[in-house]
Structure formats: C-alpha cells, structure tokens
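To start, the structure itself, in structure tokens.
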Amino acid sequence: MDLSGFFSYWGLYNYWIVVFLMMTGFYMVIARPNLVKKMAGLFVFQTSVFILFISMAKVKGGTAPILVEGVSTYSNPLPHVLILTAIVVGVATTALGLALVVRINEAYGTIDEDEIHSQEEES
Amino acid sequence: MTAHLLILQVIIPLVSAPVCLLLRGDRAAWAFTLTVSWAVLANALLLLNTVLAAGSLSYAIGAWAGPFGIEYRVDTASAFVVLIVASVGAVVLPFAYKSVRHEIPAERIGLFYTCFLLCLTGLLGIVVTGDAFNLFVFLEISSLSSYTLISLGRDRRALTAAFQYLVMGTIGATFILVGVGLMYMMTGTLNMADLAERLSPVADTRTVRAAFAFLTVGVSLKLALFPLHLWLPNAYTYAPSAVSAFLAATATKVAVYVLLRFFFTVFGVEFSFEAMPVGQILSMLAVVAMLVASTVALFQDDIKRMLAYSSVAQVGYIILGISLASVTGLTAGIIHLFNHALMKGALFLAMGCLFLRLGSVHIQDLQGIARRMPWTMAAFLLGGLSLIGVPLTTGFVSKWYLVQAALEDNRWVVAVLILFSSLLAVAYVWRVVEIAYFRPARRVSLRVAEAPAVMLVPTWVLIGANFYFGIDTSLTSALARRAAETFLGIGT
C-alpha cells in the first residue's frame, strides 16, 4: 500500500496529532466534573507539547545523536533534553494534583466538581 | 565575590530548602528560613548596587558561555524586581512565625518553610535567568510550591482553590512552553539576547506570531489579567495569611516582569506593539479589569477576597501602563509593580493579624474591632489610603504617573476611568473602615486583644515604606524610569 500520497496531502502530520491531543486534553479539563479525569486531561494536554518538541528535533535521514563512525547526520538532541525536563515537571504536577484530589476526597467525601459546589452552597 | 552575586541569588534559597526539610522542630525551621531570607535580601541589595554601577551583569552557569550554556542576566529592571521579591520575603517571615503556628498543624510547619524557600527560589530564578526554557523551569518550581502553600490553608476550600490554581496555572505554563518551543523552531536558540537578534528576520511568519500569542496568553494567565483571573480570588482568600501576603506581593509581579521581558527584550517593541495588536487588546482588558474587579470587590463580605479582587484591578493598572508602550507608561507600570507590592503586602499582613485574633476576616466579625485592635486597623486604614491613591502615599505616585501617561497619549477617557476606579476603591475601603470604627463592638470580640508585636512590626514596616516611598519618590521613580528606558532601548 502506498501511503506517500496520504502523507504529502497531510504534510507534517505530527503537528495535527499534537493539535488533536492538545484539544482533547483541554476538552477533558473543561468538560469533565470528575477531578481525576480532569488531571488525566491535563496530562494529555501536557504530553501533546512533548510530541511537539520531539517532532521538531527530527532531522531528515538523521540517526540517534550518538557518536558513531560513518554517520554525519543526527537528530537534534537539545529538544529531547528539554522534554526530559518538561516530563519531570509534568509528572510532578500530576502527582501534586492527584495528591490534592486525595485530600479533597477526604475533606468533601467526593471528587465530583458539581457535588463539591453544591456542598459549598449549602454551607 | 561580586562575580557570583547573580548565581548566589538563586542558589542560597535553593540549597537551603532541602536543609530546612532536615531541621527538627518548627522554631528551628523558621529561624533558618528567616536567616536565609535576610541573606537573600542582602544579596539583592548588593546586586542592585552592582547593576546600578555596571549597567547589566551576566553570569555563565558552569562557565559554559551563552548562547550554548545557560546565561543569567540582570539589568536595572530585573535587579529592581529581585529586590521587591527579596524584601517582601524578608518582611513576611518575621510575621510568619506566630501566624503559621496558629494556622498550620505543627507537623507540617517544617514542610511549609521548605515550600516557602522553594517558592522564593522559583520567583527569583524567573527574574534573573536569561534563558527562555530555564524561565519555564523556575516558573514551575515557584508554581508547584505555591499550589502546596495555598493548599495548607485551614479551610477545606483551600484545597479546591489550590486545585483550581493548579489546573489553570499548568495550562498557562504549558502555553508558555509551546511558545518557547515555537521560538526555538524558528531560531534554534533559547538564550533571550540571542533570540532577540534572530527573531527579527523571521518575525513575519505565522510560527513566530503563534509563539507570541501563546506566550502572551500563558503569561496573562499567570499574572491574573482579566478575564484569566479566575484562580486568584479563591487562592488568596483561603491560603494561610502569610502566604496570601507573600504571593499577593510577589507572584503576579514576577509574571508581569516575564511579560515585559518577552514583549520588549525578546520580541522587541516594534513587533509586539506595531505588528501585533497587543497594545489595544491589553489596554482594553486592563480598563475592564480595573472597573469590573473593583466593582466586584465592593460586594465581597470576606475582606481577604475583597483584597484579592482589588489585586486583579491593580494588575489592570500595571498592564494599562505597559500597554501604552511609552516611557511614562512603562515607568508607571514598573513603579506600580513596586508600590502595589508594598500596599497589598501591608494590607494582607493586617488581615493576618485580624485572623490570628478573630479566626475570621468576615466583615460582620469586624464590627467595632478598631477599639480592640487599634494598631492593626490603623495599618489597614493607612494601607487602604495608599490603595486609593491619597497624596503622600505610594498609591498616589503610581496613579500620578499613570494618568500622566494616559494624557500624554491623548486618552482622556482612560484617564477619567482610572480616577473613577479609584473612587470605587474609596468605597470598598470605606465599607470596612466604617464597620470597624463606627459600629459598636460585638460581645464576642470584647475580650480580643491587639495582635502581638512580632506581627505588628512587619505590617508597620510596610506601611512606613508606603509613606516613605510616597513622599521621597526619587529612588523608585529613577529606578523605574531607567528600567523603562532599558526596555524601550532608549538611553543606555
């Protein structure tokens, strides 16, 4: 099966994936009342940016950036390193967010945003 | 020694944070944090002194020269913001001892001071770094620690406020990351000075315009520009008193500094204000922020929440000054950065004193409290006068510059609206003053005593600063003007 026609039509399809993932995550953050699902959405949102950085590091015909004889074209390693940092930040954010959800569950007995709101209005 | 001042500014609090975690007992953790914060302040003063003599200062981390290594760079504007953050930290900490012991369970106090140091590290790091990605990392250090600090509030709503802030703050930070990535795509560099050179040839591309838009929206979320301010009122209301005072006086200010850095240094004033319509958009949002947030503040019964909405309005003043993109406008914005830190710091500290004695800052509980706590309420009254912009206070200086900048630009309507929103400030400050001074005291508050001296002194130090810098404006206005001129590329 020849996919080259498909790829040339969609161009740099990585970026479409980035946009799709980003908006999916964003939608989950906005639309889901469940706080754990919100956190999952937030992580998808952040992950899309990781793919954006990794896509821009790709050099056509380039190999992994390790010094080997006979190879002169490498992918750009800098975005990879940046994204390692961003992944750590993302994991820390998710961990902190989920820890807050646990505390919210202890304090309110629910992790549903709407229920928390109605509890607040009653008191 | 002076060669390493720049890195010490960040390293001191960063290394102290894990040490603080190891200390046993809340008193030791507090004393250690206090010492560190004063060392940070001393360092900031030395740094400002060096920068004023040398113009700007650069430091290559690990001796890897920029643009390949991470470069730290400080000019007048950044040294000024470093001084704001460091001095607010140094003033809030003496206050924090009793306030934190009262509001936070004993076993968490050590962790509280560790987070406080990390937050200080992040805020200082954002200001001194000259690398766009490094800025993102420090932004996340300060944000993650401030989410934790806010969630330590006594009310359970502190948890939901912290969660809401975490979600919105992360979206903002991710937007900034996308912006940095798009800039890297076009230029292959992350160093801000290098970016500034390499962006202008490719400025007229969709990628750079998208990067600019992502950065503007991301930073606006962080600095709580209307209508992206929704996280702020809850976060400041339910956070522990010392945290409210510290964050209200520093966090949004540092975000404003980031905005200035990107607009004026990285993208350049021609691109930001002529090729992109950011001036019009920001000035419109700023005016709406001033009016709407001040009006909403009028109807708040929780005084901390009222002050939080007033912060949103004050951010409006700062952004309005910046959006005019003239020397006077920028000077007004930068000077208000400093002045607002003084007045909001003082007012939130006064709230902390009230909360310690009353366990509430609800307006109904404040009836006649001025007779029981005269020093606290006098501090609130004087801080409120500064917020309104009465002559002899710092608030007056800011508004004077701001109105002047608006008139220079022939924006009569804006000047009138600035004055009108000051009138709204009169109304919401007066509401509290009337209840506290002219209503009979409630039975329950008859036994309430004045707040302890360790908490009153820091509050009054900030109140004193409000008047000192309101009367002798030579230092602040000279610094702000010099910073504005550097941003606009005039003069030095």
Of all trypsin sites (Lys or Arg not before Pro) in segment B:24-97, the ones in DSSP coil with at most 10 other Cβ atoms within 10 Å are B:ARG24
Exposure proxy check on B:VAL416, B:VAL390, B:VAL36: fewest-to-most Cβ neighbours within 10 Å is B:VAL416, B:VAL390, B:VAL36
Using alpha carbon centers only, segment B:53-69 is separated from segment B:139-201 by a whole-angstrom value of 24
Rounded to whole angstrom, the alpha-carbon centroid of segment A:45-77 lies from that of segment B:245-296 at a distance of 36
If the chain between B:PHE467 and B:ALA31 were fully extended at 0.36 nm per residue, the gain over the current Cα-Cα distance would be 154.0 nm
Expected sort for B:MET343, A:MET23, B:MET306 with the fewest Cβ neighbours (10 Å cutoff) up front is A:MET23, B:MET306, B:MET343
At R0 = 45 Å the Cβ-Cβ FRET efficiency linking B:ALA60 and B:HIS102, nearest 0.05, sits at 0.50
Violations at 19 Å Cα threshold for listed pairs B:LYS222/B:LYS399; B:LYS304/B:LYS344; B:LYS304/B:LYS399 -> B:LYS222/B:LYS399; B:LYS304/B:LYS399
One finds, for A:ALA107 and A:SER72 with R0 = 56 angstrom and r their Cβ-Cβ distance, a FRET efficiency to the nearest 0.05 of 0.40
Extension length gain for A:GLU121 and A:ARG32 (0.36 nm per residue less Cα distance), in nm, is 30.0 nm
With Cα coordinates, the longest principal axis of chain B makes an angle with the long axis of helix B:132-151, in degrees rounded to 10, of 10
Among A:VAL102, A:ASN34, A:PHE53, the residue whose Cα sits farthest towards the positive end of the charge dipole of segment A:12-122 (+1 at Cβ of Lys and Arg, -1 at Cβ of Asp and Glu, taken about the Cα centre) is A:PHE53
Yeah, the protein assembly as shown with a ≥ b ≥ c from its alpha-carbon gyration tensor (a/c under 1.5 is rounded, else prolate when a/b outruns b/c, oblate otherwise) is prolate
Filtering chymotrypsin sites (Phe, Trp or Tyr not before Pro) in segment B:1-79 by DSSP loop and by at most 13 other Cβ atoms within 10 Å leaves B:TRP64, B:PHE68
Between the modelled labels at B:VAL457 and B:VAL426 (7 Å from Cα along Cα→Cβ) the distance in nm is 3.8
So the angle from the long Cα axis of helix B:474-488 to the longest Cα principal axis of chain B, reported in degrees to the nearest 10, equals 30
Footprinting proxy, B:VAL448, B:VAL180: sorted fewest to most Cβ within 10 Å, the residues are B:VAL448, B:VAL180
With label points set 7 Å from each Cα along the Cα-to-Cβ direction at B:ALA210 and B:ALA449, the distance between them in nm comes to 6.4
Magnitude of the Cβ-charge dipole (Lys and Arg +1, Asp and Glu -1) of the protein assembly as shown about the Cα centre, nearest 20 debye, reported as 1260
1/(1 + (r/R0)^6) with r = Cβ-Cβ of A:ALA99 and B:LEU22, R0 = 30 Å, i.e. FRET efficiency to nearest 0.05, evaluates to 0.85
Quarter of the surface of the C-alpha convex hull for segment A:12-122, i.e. direction-averaged projected area in nm², equals 8.3
Within 10 Å of the Cβ of an average residue in B:149-156, the count of other chain Cβ atoms is 2
Contact order relative to length for chain B, counting C-alpha pairs under 8 Å separated by 6 or more residues, stands in percent at 15
Expected integer from the mean partner chain Cβ neighbour count at 10 Å over A:51-57 is 3
Once the in-chain neighbours fewer than 8 apart are removed, the aspartates and glutamates whose Cα is under 13 Å from A:LYS37 read A:ASP112, A:GLU113
Correct response: the longest run of chain A lacking exposed trypsin sites (Lys or Arg not before Pro), defined by DSSP loop and at most 14 other Cβ within 10 Å, is A:61-123
If one compares the long axis through the Cα atoms of helix A:77-108 with the longest principal axis of the Cα atoms of chain A, the angle in degrees, nearest 10, works out at 10
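Every number in this text was worked out from the coordinates using simple rules, so none of it is lab data. Model, not experiment: these values are computed from the prediction. Cβ: placed from backbone, ideal geometry, glycine included. Neighbour counts: every protein chain shown.
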